[in-house]
Amino acid sequence: MRCDYDLIIVGGGLAGNCLALALKDSGLRIALIEAETPAEREHAPIGQRALALAYGSTVMLAALGVWETIKKTATPIKHIHVSDQGHFGKTRLSADKEGVDALGYVITARHIESHVSEQASKTALTTYCPARVVGLMSSDEAAYVNLNVDQQSVNLTAKLVIGADGGQSTVRQLLAIEQKTTDYFQKAIVTTVRSSLGHNNVAYERFTAEGPLAVLPATGNHSSVVWTRTTEHADDLIQRSDADFLAELQNCFGFRMGSLQLVGPRFAFPVNLIRAEKMVQRRAIIVGNAAHQLHPVAGQGFNLGLRDVLQLAEMLIEQVENEGDIGEPAFLDSYAKARQIDHDKVINFTDGLVRVFSNDWLPVTISRNTALILLDHVNSVKSLVTQHAMGLGGRLQRLGKRRY
């Protein structure tokens with residue numbers, strides 16, 4: 001049957017717009033559905049969060065043709081310092097030793113999101129915004145999507161629907177895809193500080209009994225803070241005065257960058273590991289946060305979602321070139337299989353970090369600190385860990401070689 005569109009992307013955030021950009025020359029007829037207006041997205045608190053872009057992600061953004069502009073508002077990470085509060089173990093990673101300009105970059109979600117959205121809007125796609133998906137059904141031939149647009153019902157058909165609509169994904173819910181949730185009973189506090197000594201482009205990851213503290217370099221002497229505490233403690237810290245909050249943060253982090261001063265508001269978000277039980281359903285795929293939400297430790301969430309999008313784009317382009325049906329079961333299954341290993345590796349890694357470094361049992365404490373020290377002194381192993389942190393390796397590294 002002749003569909004209104006070949007592809008409907010639900011979600012106009014980072015994942016959805018990156019996918020639209022990657023497919024701009026594919027010949028596919030694409031519709032983008034976004035529930036929030038640009039003004040609503042601009043003022044959403046979650047836009048304040050810092051994203052740590054792995055080096056591999058910058059290569060992929062360059063393949064999309066957007067990295068050079070985004071780079072102007074991003075801060076390079078030249079060193080990573082990992083430590084365990086109250087213990088002797090630490091590890092330091094360096095861009096110089098890997099022969100790269102930076103191990104990664106730090107940028108606020110709002111900055112990268114607005115630029116990618118602007119570039120995607122210049123492509124030949126049809127955008128429905130604000131519009132909400134209220135119904136989704138599929139047959140052997142097509143997917144049927146019902147939208148609410150300005151209180152009017154609009155019906156669309158497509159060969160394939162992509163759910164890139166975030167952690168509360170409507171697409172996932174309408175597809176009745178179950179999730180497995182691990183509650184860490186933690187919240188991440190996000191804010192910005194200025195330091196008297198400057199950050200020198202060092203990203204700090206400090207593990208504590210309550211959760212990790214990440215202090216990431218930003219413009220000037222500013223640093224973005226992602227501080228994970230128990231839910232009860234985080235709620236208490238949010239309610240405290242700036243002086244009391246800052247005193248606790250300084251005590252947890254120490255004085256590596258001198259005295260800290262708050263220069264941004266504080267926000268707190270629940271921290272869970274959430275993973276959809278499957279990525280594909282009849283003529284539908286979910287990607288990014290719709291498929292997985294990770295603990296912020298090691299900053300892997302956005303990087304994993306970007307690899308979802310780039311690998312899907314590559315496979316869609318190949319399917320079109322081979323004159324195949326982009327919504328057929330065999331194609332959907334091949335995508336799910338292709339992403340499974342990467343998902344398992346990253347999710348198990350981040351979950352393991354949380355469990356090992358939030359454990360004060362003495363044998364575990366001794367083992368992890370010994371491992372950090374050995375890692376700091378065994379260059380071959382350190383290089384492998386650094387490559388992992390940079391998001392490089394195998395097929396995923398080759399994704400950045402295509403120019404979309």
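None of the figures in this text is laboratory data; all of them are computed from the coordinates on show. None of the values given here were measured: they were computed from a predicted structure. FYI the Cβ positions are ideal-geometry reconstructions off the backbone, even for glycines, and counts take in every protein chain you see.
In what order do His292, His115 fall by count of nearby beta-carbon atoms within 10 Å, going from fewest to most?
Values: His292 24, His115 19.
Lowest count first: His115, His292.
Hey, got the dipole for the chain? About the Cα centre, +1 on K and R Cβ, -1 on D and E Cβ, debye to the nearest 20? Provide the component values of the computation, followed by the final result.
Numbers: 40 positive and 42 negative charges, 185 e Å.
The calculation lands at about 880 debye.
Can you work out D for segment 1-69 in µm² s⁻¹ from Stokes-Einstein, where Rh is the Kirkwood radius over C-alpha pairs, the temperature is 20 °C and the viscosity is 1.002 mPa s?
152 µm²/s
Short version: what are the Cα gyration tensor semi-axes of segment 246-298, square root of 5 times each eigenvalue, largest first, in whole Å?
Computed over segment 246-298, the values are 39, 11, 9 Å.
Report the residues of segment 5-35 in range of a label on Asn155: point 7 Å along Cα→C-beta, backbone N strictly under 16 Å from it.
It comes to 5, nothing else.
Output the Kirkwood hydrodynamic radius of segment 90-192, Cα pairs only, in Å rounded to one decimal.
Evaluated on segment 90-192, it is 18.3 Å.
Determine the principal axes of the Cα atoms in segment 204-244, then give the extent along each, sorted from largest to smallest and rounded to whole angstroms.
32, 23, 12
Give me the distance between the Cα centres of segment 284-353 and segment 147-203, rounded to whole Å.
With segment 284-353 and segment 147-203 each reduced to a Cα centre, they are spaced 15 Å.
Show me, bin by bin at 5 Å from 0, the whole-percent P(r) of segment 181-324 based on Cα pairs.
Calculated P(r), rounded to whole percents: 2, 9, 16, 18, 15, 12, 9, 7, 6, 4, 2, 1, 0.
Output the Kirkwood hydrodynamic radius of segment 162-217, Cα pairs only, in Å rounded to one decimal. Please list the in-between numbers first.
On the way: mean 1/r = 0.0660 Å⁻¹.
Here the Kirkwood hydrodynamic radius works out to 15.2 Å.
Rounded to the nearest 0.05, what FRET efficiency do Asp101 and Ser121 have when you use their Cβ-Cβ distance and R0 = 41 Å?
On the way: r = 30 Å, r/R0 = 0.74.
It comes to 0.85.
Contour minus end-to-end for Lys337 and Asn200, with contour as 0.36 nm per residue of separation and end-to-end as the Cα-Cα distance?
Gain on stretching Lys337 to Asn200: 45.2 nm.
Roughly what % of DSSP beta bridges within the chain run antiparallel, to the nearest 5?
75 percent
Sort 101-109, 306-314 for me by packing, meaning the mean count of neighbouring Cβ atoms within 10 Å per residue, highest on top.
Highest to lowest by the protection proxy: 306-314, 101-109.
Say the cut-off is 20 Å between C-alpha atoms; which of Lys71/Lys97; Lys97/Lys345; Lys24/Lys159; Lys278/Lys337 go over it?
As for pairs spanning more than 20 Å Cα to Cα, those are Lys71/Lys97; Lys97/Lys345.
With a cut-off of at most 12 other beta carbons within 10 Å, and DSSP calling the residue loop, which chymotrypsin sites (Phe, Trp or Tyr not before Pro) in segment 1-99 qualify? Please list them.
Passing sites in segment 1-99 are Phe88.
With N set to the residue count of segment 121-176, report its C-alpha Rg divided by 2.2 N^0.38 Å to two decimal places. Can you show the working numbers first?
On the way: Rg = 11.8 Å, N = 56, 2.2 N^0.38 = 10.2 Å.
It is 1.16.
Run a plain Debye calculation on the chain (Cα atoms as equal point scatterers, no solvent) and give log10 I(q)/I(0) at q = 0.07, 0.08, 0.12 Å⁻¹, rounded to two decimals, same order as the q list.
These q points yield log10 I(q)/I(0) values of -0.33, -0.43, -0.96.
Measure nothing but the geometry: give the 0 to 90° angle between the long axis through the Cα atoms of 109-120 and the longest principal axis through the Cα atoms of the chain, rounded to 10°.
Computed tilt is about 30 degrees.
May I ask for the equivalent-ellipsoid semi-axes of segment 1-125, computed as the square root of five times each C-alpha gyration tensor eigenvalue and listed largest first in whole Å?
Working from the Cα gyration tensor, I get semi-axes of 34, 17, 13 Å.
Could you calculate the FRET efficiency of Gln168 with Asp325 from 1/(1 + (r/R0)^6), where r is the beta carbon distance between them and R0 is 30 Å, rounded to 0.05?
0.50
Expected output is a single nm value to one decimal: the length gained when fully extending between Ile274 and His81, i.e. 0.36 nm times separation in residues minus the C-alpha distance. What is it?
Working: separation 193, 0.36 × 193 = 69.48 nm, distance 2.77 nm.
Gain on extension, Ile274 to His81, equals 66.7 nm.
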